[in-house]
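So the structure is just underneath, and the comments pick up after that.
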Amino acid sequence: MKSPVVKRSIVIAGHKTSVSLEDQFWDALKEIAAEKRSTLSDIVASIDSGRNQGNLSSAIRLFVLAHYRATPARRETPDAAERSAISRPNVA
């Protein structure tokens, strides 16, 4: 069975590191970066420099969660991908 977590390399402040996230979090992070007219590396560097503890993957997930919680219009009108994910049961 394929793991839902995807490990990707990213450059943060000139250093290459690996981050493991589910595809949905990668997609959300890219969307946030586009909204902010920023690069994925810059967003992740900002998250990395602002965290006090925990690993980077967890900090990114919390950042994405906070972003979408702070955007009420998105909560009220989920797009097709969100509706699909909600209606599709997880099968192990």
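Every number here is computed from the coordinates shown, using simple stated rules; none is lab data. Just so you know, these numbers come straight off a predicted model, no measurement behind them. With ideal geometry, Cβ positions are generated from the backbone for all residues, glycine too; neighbour counts draw on all protein chains shown.
Which FRET efficiency value, to the nearest 0.05, do you get for R37 and S57 by plugging their Cβ-Cβ distance into 1/(1 + (r/R0)^6) with R0 = 25 Å? Result of the calculation: an efficiency of 0.55. In this simple spin-label model, placing a label point 7 Å from the Cα along the Cα-to-Cβ direction at both R69 and V5 gives a separation of 2.2 nm. Summarising the overall dimensions of segment 1-76 from its C-alpha atoms, the Rg and Dmax are 12.5, 39 angstrom.
Residue ranges 14-23, 55-64 sort as 55-64, 14-23 when ordered by packing (mean number of other C-beta atoms within 10 Å per residue, highest first).
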